[in-house]
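The values are calculated or read from the model by the stated rules, or taken from the named source; none is laboratory data. Just so it is clear, the structure is predicted and the values come from calculations on it, not from any experiment. Reconstructed Cβ throughout: ideal geometry from the backbone, glycine too, with neighbour counts over all protein chains shown.
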Amino acid sequence: MALGTRSELFARARRLIPGGVNSPVRAWRAVGGDDPFFVARGEGAHLVDVDGRRYVDWVMSWGALVFGHADPETVDAITEAARDGTSFGAPTEREVELAEEIADAFPSIELARLVSSGTEAAMSAIRVARGFTRRDRIIKFEGGYHGHSDALLASAGSGLATLGIPASAGVTTGAAQDTIVCPYNDVDAVAAAVERHGEGLAAIIVEPVAGNTGVVPPREGFLEALRALCDVSGALLIFDEVITGFRVARGGAQERYGVDADLTILGKIVGGGLPLAAFGGRGDAMERLAPGGDVYQAGTLSGNPLATAAGLSVLRRLREPSVYDELEARAAKLERGLRPFGGVQRVGAMLTLFRPGYDALFRGLVERGVYVAPSQYEAMFVSLAHGDEEIERTVEAVHDALADDRGRG
Ligand SMILES: *Cc1c(COP(=O)(O)O)cnc(C)c1O
């Protein structure tokens, strides 16, 4: 097979693709800006790059792959589906089956719709909340990521609840002005914002376990307080469970913490590694979607036959409770191994090692055949493909990389 080397490919990529990548974090700029590797293939817990180097992979397509790369059952399901056609833009049986699987795992989901990305799901859930409540404002949290739609790219200028200012060029002030940003885990700030904006508040959207600022668990009572503030104000509570859904428990953070959302956003695991995401929740809100209601939302590739086949193949195996015991045990083992090297925060099969000098550690790990997220603010994702050997190799590599870095320093 004729493959270019990493640097050759990156040079060609940069000529045609902005920054050489199709999603910014892939460029490794937050960790010192070496040329990123180009993946040739994946195999269980491992990646192989175009230069033939092998890595233990803790990114796992940002958490999408709970059974590892090229999982045979998933690949078979996709292959079989492909033989019958790759897209119809008309209803298929597997869409119904996937919706049933989702509703079974998440009791708060009475109606669900399938889309193609988490961004699309979050944007659509916000639209449903606004259409249903006939209100405009939303509360989100600092560091909370809900995809790159305009209204959700707002950030706060201060620690206190403030009206959103755009965090990206190209987002109009108008698109961000109805977004209120509060500090995560700060009940008083949310209560003050609800007090001030409650009558115009359509929704509070939150990652129930923050996963895009490094893993930060919800403080005790935080999710319950959000639930109560929504109940008194009439705003909808939206849980963005794109990462946590089917990961921290089959029923996501809602199951793990016992707090129900009005609307839930799913992605990553739900598509089994193919482009599929979903949003769903209360029937009275979701039935406002077209064609029955007046909230428009649509998609040519929504409920794509290959993506639903992959999703079903994965979700059906996640019905087995021992899967989550196993994920918990493996993640706990990794946590114990990493604890001597920094602060570790973990919820189920997602964790972050917080430490100064993360960029040097990242480079040292890549040199030693271990791939962690190219940013301190992302999680490590444990899958069922990660065994004792991968965990031990990783802990050893962290030890050696840090020792080597101290030697150099
Ligand atoms: C990844 C992610 C999204 C966006 O999903 P895409 O499929 O990348 O658009 C939204 N919310 C959270 C919490 C995520 O981690």
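Within the range 176-283, which helices (runs of 4 or more DSSP H) (wholly inside it) include 1 or more residues that are touching a residue at least 40 places away in the same chain (Cβ under 8 Å)? Explain how you work it out, then say what you get.
On the way: elements: 187-197, 222-233, 252-257.
Ranges flagged: 187-197, 252-257.
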| message | Among the residues of the range 106-117, are any assigned to a helix (DSSP H, G or I) and in the same structural domain as ASP178 (by TED's automatic domain parsing)? | response | no
| message | Against the condition under 25 Å from the mean Cα position of the chain (by Cα), surrounded by fewer than 18 Cβ atoms within 10 Å (Cβ to Cβ) and more than 16 Å from the ligand (Cβ to nearest atom), how does PRO91 come out, does it pass? | response | no
| said: Could you check the range 316-371 and list, in sequence order, the residues that are among the small types (Gly, Ala, Ser), assigned to a helix (DSSP H, G or I), in contact (Cβ under 8 Å) with a residue 24 or more places away in the chain and under 14 Å from VAL382 (Cβ atoms)? | reply: ALA331, GLY337
| said: Out of TRP28, TRP62, I need the residue that is surrounded by 15 or more Cβ atoms within 10 Å (Cβ to Cβ) and more than 28 Å from LEU306 (Cβ to Cβ). Which one? | reply: TRP28
| remark: Among VAL25, VAL21, the single one that is within 16 Å of the ligand (Cβ to nearest atom), of a type outside the set (Gly, Ala, Ser), more than 29 Å from GLU389 (Cα to Cα) and touching a residue at least 12 places away in the same chain (Cβ under 8 Å) is VAL21
| remark: Reported set for the range 63-90 where residues are closer than 24 Å to THR300 by Cβ and of a type in the set (A, V, I, L, M, F, W, C) is ALA64, ALA77, ILE78, ALA81, ALA82, PHE88, ALA90
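Just to verify a result, which residue in the range 132-154, among those that are assigned to a strand (DSSP E or B) and of a type in the set (Lys, Arg), is nearest to the ligand (Cβ to nearest atom)?
Quick first cut of the range 132-154, residues assigned to a strand (DSSP E or B) only: 137-141, 154.
Retained after the next criterion (residues that are of a type in the set (Lys, Arg)): 137, 140.
Numbers: ARG137: 20, LYS140: 11 Å.
Among those residues, the one meeting the criterion is LYS140.
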| task | Residue by residue through the range 386-409, note down the ones that are surrounded by 13 or more Cβ atoms within 10 Å (Cβ to Cβ) and over 19 Å from MET350 (Cβ atoms). | result | GLU392, ARG393, GLU396, ALA397, HIS399, ASP400, ALA401, LEU402, ASP404, ASP405
| remark: Output for Cβ contacts, cut-off 8 Å, separation at least six or different chains, first residue free of Cβ contacts under 8 Å to residues at least 24 places away in the same chain and in the same structural domain as MET380 (by TED's automatic domain parsing) in the range 40-51, second of a type in the set (S, T, N, Q) and surrounded by 15 or more Cβ atoms within 10 Å (Cβ to Cβ), reads none
| request: Check the range 10-28 and report whether any residue there is part of a helix (DSSP H, G or I) and on the phi > 0 side of the Ramachandran plot. | output: yes
| message | Being within 12 Å of the ligand (Cβ to nearest atom) and of a type in the set (D, E, K, R) is the filter here; which residues of the range 236-250 pass it? | response | ASP240, GLU241, ARG247
| remark: Exactly one of PHE106, PHE67 is within 30 Å of GLY258 (Cα to Cα) and either without any contact (Cβ under 8 Å) to a residue 60 or more places away in the chain or within 16 Å of the ligand (Cβ to nearest atom) (or both), and that residue is PHE106
| request: Return a yes/no flag: does the range 206-222 have any residue that is farther than 22 Å from PHE132 by Cβ, away from the ligand (no atom under 16 Å from the Cβ), surrounded by fewer than 17 Cβ atoms within 10 Å (Cβ to Cβ) and not acidic (Asp, Glu). | output: yes
| task | Determine if the range 251-261 includes at least one residue that is closer than 19 Å to VAL382 by Cα and either touching a Lys or Arg at 6+ places or on another chain (Cβ under 6 Å) or within 13 Å of the ligand (Cβ to nearest atom) (or both). | result | yes
